[in-house]
1. Taking the criterion of being assigned to a loop (DSSP other than H, G, I, E, B), more than 7 Å from the ligand (Cβ to nearest atom) and under 21 Å from ILE44 (Cα atoms), would at least one residue in the stretch 148-166 satisfy it?
2. Please tell me if LYS218 is modelled with pLDDT of 95 or more, assigned to a helix (DSSP H, G or I) and either within 14 Å of the ligand (Cβ to nearest atom) or assigned by TED's automatic domain parsing to the domain that holds MET173 (or both).
3. Can you tell me which residue within the stretch 133-147, out of those that are assigned to a strand (DSSP E or B) and more than 23 Å from VAL93 (Cα to Cα), is farthest from the ligand (Cβ to nearest atom)?
4. Here's a check for you: in the stretch 99-109, which residue that is out of contact with any strand residue (DSSP E or B) (no Cβ under 9 Å at 6 or more places or on another chain), over 23 Å from ARG217 (Cα atoms) and not charged (D, E, K, R) is nearest to the ligand (Cβ to nearest atom)?
5. Residues that are out of contact with any Cys (no Cβ under 8 Å at 6 or more places or on another chain) and among the hydroxyl-bearing types (Ser, Thr, Tyr): list the helices (runs of 4 or more DSSP H) wholly contained in the stretch 244-357 that include at least 2 such residues.
6. Among the numbered criteria (1) near the ligand (Cβ under 10 Å from one of its atoms); (2) outside any strand (DSSP E or B), which one does ASP112 miss?
7. Would a scan of the stretch 62-80 turn up a residue that is more than 30 Å from ILE19 (Cα to Cα) and outside the structural domain of HIS41 (by TED's automatic domain parsing)?
8. Could you go through the stretch 227-247 and let me know if any residue there is buried (at least 17 other Cβ atoms within 10 Å of the Cβ), within 23 Å of TYR152 (Cα to Cα) and of a type in the set (Gly, Ala, Ser).
Amino acid sequence: MEFIENLCCPITKNKLEIISKTEFGKYSIPTELDSFGELKHGLIDNSKQFFYPIFKDIIILYEHYAIYIGNEIDNRHSLSFDKKRVLDYYNNVNYQVKDSFKVYADSANWVDYREVSSEYMRKSFTKASRHYPPTGKYLLDIASGPIGFPEYIALSEGYEYRICVDISIKALMEAKANLENVGQKGIYICGDITNIPVNDNVCDVVLCQHTLYHIPRKEQSTAVNEMYRVAKIDSKIVIIYCWFYNSWMMNLTLNFVQIYRVTRHYAGKLYVRIINSKPKLYFFAHTPRWFRTSFPFSKDIEFHCWRSTNKFFMDTYIHKGLGGKWILNKLGEIEDKHSRFMSTFGEYAAIVITKRR
Ligand SMILES: C[S@@+](CC[C@H](N)C(=O)[O-])C[C@H]1O[C@@H](n2cnc3c(N)ncnc32)[C@H](O)[C@@H]1O
């Protein structure tokens, strides 16, 4: 609970005060909330306008879930179409057990679980940690998801607390179970990457894996600026980003498969607007140039290779009887030796920002 002083109201930016259930009546907090047995505490902002419940140790600091308790007009805007579809997608996604941890069931679409590629895949999952100190107090995992892979869990091993922020409450509950399973301490916050409810200069490292490209195109810079804001001076922000149609290596090696994927991607964008079917994920990839030119701190951005290939490349070229392991070993060596080149030529980059004074 000591961390609460580092939090702020995502709407008013005011400080927050913790109150217990016995005080709810004083602030006109709706009595319907009493029926949630697990609700024992909540946070109110200093101006006494917004109430944020804390359920099962998950601090709900998402602007759209805040309960208005003020006497004026609630000026909150509704969610944009693309943001809502990502929220709906992750609120409805299924989970599966993998190596005794729960992961998103859709990860099988992006992660190659075959034995032939397991070493190469595992290595990529550990790579973010190359770019920040091995120990510290607060590692902010923004859009953490359920944190199901052992290598992903291990990224915060040397940190006192992993602050998990995500829009999905269900994902945070799974993250809590997964971290507790290995004895790591977490702080769990339901919040938005484009409006992080954490004060400036708090986090020793900020990690954002595989999410920025699911944020609407125009809001991705807001998300990057938010990560920068909450990071401490001299600390690192590590963003794992997918270039998809901007990856020359994938375009050249997968040619017809890639043409099919890109066509399906754009058709999907149209489809979700015309047909109100089950929620589909949003995706937009900026170019490396966009990162190099869009921020006042762009000169402090470095590109490293996270993994140059994707699942479609693996399915096409990597096979057990055809030297698959050897090819991936060699590719891994090339990715390490020519990390900068492979980071923008290949599929996934680790974009590392140093926050300067
Ligand atoms: C592809 S998953 C990545 C999860 C995890 N970082 C990983 O690498 O396995 C994307 C995650 O981003 C979360 N997310 C999507 N939009 C978000 C937003 N605006 N703010 C915070 N989290 C968001 C989703 O709920 C989901 O858990």
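The values are calculated or read from the model by the stated rules, or taken from the named source; none is laboratory data. Quick caveat: nothing in here was measured; it's all calculated off a predicted structure. When we count neighbours, we look across all protein chains shown, and the Cβ atoms used for this are built from the backbone with ideal geometry, even at glycine.
1. No: the stretch 148-166 contains no residue that is assigned to a loop (DSSP other than H, G, I, E, B), more than 7 Å from the ligand (Cβ to nearest atom) and under 21 Å from ILE44 (Cα atoms).
2. On the way: modelled with pLDDT of 95 or more: yes; assigned to a helix (DSSP H, G or I): yes; either within 14 Å of the ligand (Cβ to nearest atom) or assigned by TED's automatic domain parsing to the domain that holds MET173 (or both): yes.
Yes: the conditions hold for LYS218.
3. Start the filter on the stretch 133-147 by keeping residues that are assigned to a strand (DSSP E or B), which leaves 136-142.
The next check asks that each one be more than 23 Å from VAL93 (Cα to Cα); those that pass are 136-140.
On the way: GLY136: 19, LYS137: 20, TYR138: 17, LEU139: 13, LEU140: 12 Å.
The selected residue is LYS137.
4. First, pick out the residues of the stretch 99-109 that are out of contact with any strand residue (DSSP E or B) (no Cβ under 9 Å at 6 or more places or on another chain): 99-101, 106, 109.
From what is left, the residues that are over 23 Å from ARG217 (Cα atoms) are 99-101.
Those left that are additionally not charged (D, E, K, R): 100-101.
Working: SER100: 17, PHE101: 11 Å.
Of everything passing the filter in the stretch 99-109, PHE101 is nearest to the ligand (Cβ to nearest atom).
5. Numbers: elements: 248-274, 288-293, 311-317, 324-337, 339-345.
Output list reads 248-274, 311-317.
6. Result: ASP112 passes all but (1).
7. Our first condition is that a residue be more than 30 Å from ILE19 (Cα to Cα); within the stretch 62-80, this holds for 80.
Checking the rest, the ones that are also outside the structural domain of HIS41 (by TED's automatic domain parsing) come to 80.
Yes, the stretch 62-80 has at least one match.
8. The answer is yes; a qualifying residue exists.
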